[in-house]
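One structure is given here, and the rest of the page talks about it.
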Amino acid sequence: MSRLGGAVIIAATLALAACGPAQDPKAVEAQQAAAREQEADAMADAFEAEYGKQNWELARAHGDVLMAKYPASAAAARIEERHKQVKDKAEKAREQRRVAALWTYQTQPVKGGEQLSASIYAKDYVDTDGSGARPVQLIFRDHPDWGRSSYLVLEAGDFDCYGGCKVKLKIGDAAPRPVAASRPKTDQAIAMFIEDERALWKTVKAARTIAIEFPVKAGGTRTAVFEVGGLDPSRLPKWN
């Protein structure tokens with residue numbers, strides 16, 4: 001036998017030895033299935049942990065991944081019903097966070113104490129004088145000397161409410177009702193007070209959306225819609 005032939009035989013022998021005995025395909029599949037179930041269980045555990053903390057958005061995220069990757073697993077079957085429930089809870093949590101972010105709260109030092117305010121901009125800009133749509137703001141204010149007040153503020157145009165007027169307040173899908181208002185004679189801001197500030201505050205605390213229709217000097221009325229459902233009443237404690 002030549003040296004080359006011997007080397008080939010040795011190499012082949014070593015390769016066969018390295019390969020070892022062939023594995024049973026069924027055993028391999030069983031191992032892979034067990035690994036998949038183990039990974040699915042870990043995902044279900046993550047879902048359970050966030051569900052227990054009522055962290056609906058993270059719970060949904062873990063559940064979504066599990067359902068997408070291992071839909072036929074025992075872990076997926078175990079959380080299926082709660083995963084359906086948490087989808088709705090996650091949407092509500094996301095929406096509540098969105099509307100809560102629409103509000104701005106301020107505390108300012110003033111003579112005699114602090115001025116507290118909660119303000120929100122209308123959902124859509126409003127054209128109040130023909131110059132183009134601009135923001136409309138609703139403000140609740142608590143001042144140590146002036147007391148509590150609620151008012152609308154424009155950036156352009158003016159309210160046609162000097163000496164008093166009626167605005168229309170609409171809560172959700174309910175019919176609008178008249179509310180007393182007045183435009184003070186001042187150039188400091190284009191503001192119009194809603195006279196029954198306590199009633200408006202109570203309304204806003206319980207509503208998801210409100211619409212206020214008000215008269216303008218340019219003629220006719222305009223309507224500002226506010227998504228008020230994210231108000232945190234604790235930020236103005238004296239109002240409650």
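Check whether at least one residue in the range 83-103 is without any contact (Cβ under 8 Å) to a residue 12 or more places away in the chain and closer than 30 Å to residue 34 by Cβ, and report yes or no. Checking the range 83-103: at least one residue is without any contact (Cβ under 8 Å) to a residue 12 or more places away in the chain and closer than 30 Å to residue 34 by Cβ.
Going residue by residue through the range 85-101, is there one that turns out to be among the β-branched types (Val, Ile, Thr), more than 30 Å from residue 65 (Cβ to Cβ), open to solvent by less than 90 Å² (accessible area, probe 1.4 Å) and touching a strand residue (DSSP E or B) at 6+ places or on another chain (Cβ under 7 Å)? Within the range 85-101, none of the residues are among the β-branched types (Val, Ile, Thr), more than 30 Å from residue 65 (Cβ to Cβ), open to solvent by less than 90 Å² (accessible area, probe 1.4 Å) and touching a strand residue (DSSP E or B) at 6+ places or on another chain (Cβ under 7 Å). Can you tell me which residue within the range 195-233, out of those that are part of a strand (DSSP E or B) and open to solvent by less than 10 Å² (accessible area, probe 1.4 Å), is nearest to residue 129 (Cα to Cα)? That would be 216.
As a summary of the residue check, residue 132 satisfies the conditions (1) of a type outside the set (Asp, Glu); (2) assigned to a strand (DSSP E or B); (3) over 19 Å from residue 181 (Cβ atoms) except for the one numbered (2). Going by the conditions given, is residue 141 farther than 17 Å from residue 208 by Cα, among the charged types (D, E, K, R) and either over 32 Å from the mean Cα position of the chain (by Cα) or open to solvent by 50 Å² or more (accessible area, probe 1.4 Å) (or both)? For residue 141, the condition - farther than 17 Å from residue 208 by Cα, among the charged types (D, E, K, R) and either over 32 Å from the mean Cα position of the chain (by Cα) or open to solvent by 50 Å² or more (accessible area, probe 1.4 Å) (or both) - is not met. If the condition is being of a type outside the set (D, E, K, R) and either in a helix (DSSP H, G or I) or within 25 Å of the chain's Cα centre (by Cα) (or both), then the range 61-75 contributes 61, 62, 63, 65, 66, 67, 68, 74, 75.
The values are calculated or read from the model by the stated rules, or taken from the named source; none is laboratory data. The model shown is predicted, which means the values in this text are computed figures rather than measured ones. Note that we place each Cβ from the backbone using ideal geometry, even for glycine, and neighbour counts take in every protein chain shown. Ligands, DNA and RNA are stripped out before the accessible areas are found, and what is left, the full protein with its side chains, is counted by its heavy atoms. Shrake-Rupley method; radii C 1.70, N 1.55, O 1.52, S 1.80 Å.
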